[in-house]
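Participant: Next up is a structure, given as structure tokens.
The values are calculated or read from the model by the stated rules, or taken from the named source; none is laboratory data. Just so it is clear, the structure is predicted and the values come from calculations on it, not from any experiment. Quick reminder, even Gly has a Cβ in these numbers, built from the backbone with ideal geometry, and neighbours come from all protein chains shown. In case anyone asks, the SASA skips ligands and DNA or RNA and just uses the protein heavy atoms, side chains included. Shrake-Rupley method; radii C 1.70, N 1.55, O 1.52, S 1.80 Å.
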Amino acid sequence: MQKGLHKFFVYTLLILLSMLFLAPFIWMVTTALKAPDELYQYPPKLLPSTWHFENFLNAWNSQPFNLYLVNSLIVTILTTIGQIISSTLVAYGFARFKFKGRDFLFIILLATMMIPWDVTMIPQYMAFNMFGWINSLKALIIPSWFGSAFYIFLLRQFIMSIPKELDEAARMDGANVFQIYYKIYLPLVWPVIVLIAVFNILGTWNDYLGPLIFLNDQSKYTLTLGLAQFKGVHDVDTNGIMAVTFLISIVPLILFFLAQKKIVEGVQSTSLK
């Protein structure tokens with residue numbers, strides 16, 4: 001009886017807390033469905049008098065969001081592939097190879113996580129301008145192919161928990177270093193790879209500051225930059241902002257619900273031993 005009451009109170013508390021976090025999302029959806037004259041009513045109404053589903057289509061067609069969607073997909077997919085390939089290779093090297101200065105280099109790698117992106121923003125812009133990457137998706141894609149300190153750290157922790165006897169057995173069977181990497185370690189670190197992929201997709205999909213700094217041509221805009229166009233100098237298209245924000249958020253929501261089990265497994269797998 002006590003156990004049942006405990007579960008009841010715990011689940012009730014979780015439901016109430018979840019409603020607290022869902023409230024802004026619900027308000028966003030209902031606002032997107034309202035007529036313009038209902039947006040600033042006082043007292044405000046949660047549900048619209050008439051459901052205007054055409055607001056979503058009108059907001060999407062008000063700008064070339066199909067082009068913005070393609071740009072966002074290109075950046076998100078290529079950066080995710082780059083992070084997975086580069087981070088797994090570097091983590092494998094730090095975890096399994098012994099070379100002079102390995103630990104010192106790893107400490108320097110971890111120290112880079114303490115540097116805010118705001119500090120490196122101007123040097124990055126100057127370097128990308130010298131390379132001719134400004135107003136190009138290259139500025140958003142290519143840096144991801146050099147790995148991320150945080151992702152490398154997660155992968156290294158997991159690889160170090162794998163017995164080294166697997167390496168020795170593979171070498172006895174005639175496998176080289178690269179074969180051990182992609183035939184043994186990549187399948188084993190799959191939960192962490194999924195975790196990294198989800199983190200990177202969410203971060204890249206929702207990134208606003210990077211595209212804002214490096215992109216000037218509207219044909220190169222991502223979805224987040226397109227969303228910012230609803231805010232004018234003298235007025236704000238609240239219906240458009242809410243409608244497109246909801247449409248943009250569908251992809252991260254679906255991704256999270258499909259991969260939440262793998263996310264938990266990846267976090268548990270990278271716990272310090």
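Participant: Is it the case, given these coordinates, that D217 is at pLDDT below 90 and surrounded by fewer than 20 Cβ atoms within 10 Å (Cβ to Cβ)?
Facilitator: In short, yes.
Participant: Exactly one of (1) under 28 Å from the mean Cα position of the chain (by Cα); (2) open to solvent by 70 Å² or more (accessible area, probe 1.4 Å); (3) not basic (K, R) is unmet by Y42. Its number?
Facilitator: Of the numbered conditions (1) under 28 Å from the mean Cα position of the chain (by Cα); (2) open to solvent by 70 Å² or more (accessible area, probe 1.4 Å); (3) not basic (K, R), the odd one out for Y42 is (1).
Participant: Do we have M126 as closer than 30 Å to I213 by Cβ and free of Cβ contacts under 8 Å to residues at least 24 places away in the same chain here?
Facilitator: In short, yes.
Participant: Residues in the range 143-166: is at least one charged (D, E, K, R), over 25 Å from K262 (Cβ atoms), open to solvent by less than 30 Å² (accessible area, probe 1.4 Å) and at pLDDT below 90? Even if it seems obvious, please write down each step before you answer.
Facilitator: Taking the range 143-166 first, the residues charged (D, E, K, R) are 156, 164-165.
This time we only want the ones that are over 25 Å from K262 (Cβ atoms), so: 164-165.
Narrowing further to those that are open to solvent by less than 30 Å² (accessible area, probe 1.4 Å): none.
Taking every residue of the range 143-166 in turn, none turns out to be charged (D, E, K, R), over 25 Å from K262 (Cβ atoms), open to solvent by less than 30 Å² (accessible area, probe 1.4 Å) and at pLDDT below 90.
Participant: Filter the range 174-185 down to the residues that are surrounded by 15 or more Cβ atoms within 10 Å (Cβ to Cβ) and assigned to a helix (DSSP H, G or I) and list them by number. Before you say what the answer is, go through the steps one by one.
Facilitator: As a first pass, look at the range 174-185 and keep what is surrounded by 15 or more Cβ atoms within 10 Å (Cβ to Cβ): 175, 180-181, 184-185.
Matches in the range 174-185: I180, Y181, I184, Y185.
Participant: Just to be sure, is S18 within 23 Å of L202 (Cα to Cα) and either among the basic types (K, R) or exposed (fewer than 11 other Cβ atoms within 10 Å of the Cβ) (or both)?
Facilitator: Judged against the criteria, S18 is a match.
Participant: Filter the range 92-106 down to residues that are among the hydrophobic types (A, V, I, L, M, F, W, C) and exposed (fewer than 10 other Cβ atoms within 10 Å of the Cβ) and give me whichever is nearest to K183 (Cα to Cα).
Facilitator: Ranking the candidates gives F97 first.
Participant: So the check is Cβ under 9 Å with 6+ separation or different chains; which pairs have a first residue in the range 36-65 that's more than 21 Å from Q229 (Cβ to Cβ) and a second one that's of a type in the set (D, E)?
Facilitator: These pairs meet every condition: P44/E38; K45/E38; P48/E38; S49/E38; T50/E38.
Participant: Being open to solvent by less than 90 Å² (accessible area, probe 1.4 Å), at pLDDT below 95, among the small types (G, A, S) and touching a Phe, Trp or Tyr at 6+ places or on another chain (Cβ under 7 Å) is the requirement here; does A139 meet it?
Facilitator: Values: open to solvent by less than 90 Å² (accessible area, probe 1.4 Å): yes; at pLDDT below 95: yes; among the small types (G, A, S): yes; touching a Phe, Trp or Tyr at 6+ places or on another chain (Cβ under 7 Å): yes.
In short, yes.
Participant: Could you list all residues from the range 177-233 that are over 18 Å from T79 (Cα atoms) and polar (S, T, N, Q)?
Facilitator: Q179, N216, Q218, S219, Q229
Participant: Taking the criterion of being open to solvent by 50 Å² or more (accessible area, probe 1.4 Å), in contact with a Leu (Cβ under 6 Å, 6 or more places away or on another chain) and more than 30 Å from Q218 (Cα to Cα), would at least one residue in the range 49-64 satisfy it? So that I can check it myself, show each step before the final result.
Facilitator: Step one: list which residues in the range 49-64 are open to solvent by 50 Å² or more (accessible area, probe 1.4 Å), which gives 49-51, 53-54, 57-58, 61-62, 64.
Going one step further and asking which of them are in contact with a Leu (Cβ under 6 Å, 6 or more places away or on another chain), we end up with 51.
Then drop every residue that is not more than 30 Å from Q218 (Cα to Cα), which leaves 51.
Within the range 49-64, one or more residues are open to solvent by 50 Å² or more (accessible area, probe 1.4 Å), in contact with a Leu (Cβ under 6 Å, 6 or more places away or on another chain) and more than 30 Å from Q218 (Cα to Cα).
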